[in-house]
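The values are calculated or read from the model by the stated rules, or taken from the named source; none is laboratory data. This is a predicted model, so every value here is computed, not measured. Don't worry about glycine lacking a Cβ; one is built from the backbone with ideal geometry, like all the others, and counts go over all protein chains shown.
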């Protein structure tokens, strides 16, 4: 079973769509009055419950499973648009968006793009560095210095990547010349945030008894 799953993922002909994303073929499967989806302006609506209450003099069942955009705007070639409240009603039956070939191509390109980030090095490296230094300091009764050091690391990673880089990336929209700085702020913002998260969780685990005492008091 596991082998079959792996093979399926490896040779999947198209990307897995996110929730609320459908292709035109998906819509085509809902083409009856008991199961009626329609496309309007690249959005998808489920009108199954609405069909019975629609104006009997204008049969829209033939739109089920298809793109109704032009017909909706012209009332099926009557050259009359629907009233504003009809457009507002669309939101009630909205279920998702249409994924076109251009969209799926873009998704494939993103899936095939090499991930620029590294999870293993900051994650494992931070864990090893923290806990090895902890046991060394514990044996030599230097826990206070240990905590002081890692408190400083936490402060610096909070100040620089989390706060500093975040503010910088916002400010450079106001001053476009900052884009000329040859430094990958986004990359280091992500990588150092992982380090901060690992250290913070490790610090909490290591001082959990103290944390419980503080809560009780």
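For the reader, a short list of remarks on this structure follows.
- Residue 123 being at pLDDT below 85 and either under 30 Å from residue 190 (Cα atoms) or in a loop (DSSP other than H, G, I, E, B) (or both): no
- Scanning segment 60-73 for residues that are modelled with pLDDT under 85 and under 14 Å from residue 41 (Cβ atoms) gives 71, 72, 73.
- On the stretch given as segment 91-107, residues that are at pLDDT below 65 and surrounded by 13 or more Cβ atoms within 10 Å (Cβ to Cβ) total 4.
- Qualifying residue in segment 126-135 (condition: surrounded by fewer than 17 Cβ atoms within 10 Å (Cβ to Cβ) and at pLDDT below 90): no
- Hits in segment 157-201 - residues which are more than 20 Å from residue 118 (Cα to Cα) and in contact with a helix residue (DSSP H, G or I) (Cβ under 8 Å, 6 or more places away or on another chain): 168, 169, 171, 172, 178
- Some residue of segment 199-211 being under 27 Å from the mean Cα position of the chain (by Cα) and modelled with pLDDT under 85: no
- Qualifying residue in segment 143-154 (condition: over 27 Å from the mean Cα position of the chain (by Cα), surrounded by fewer than 10 Cβ atoms within 10 Å (Cβ to Cβ), over 23 Å from residue 121 (Cα atoms) and modelled with pLDDT under 90): yes
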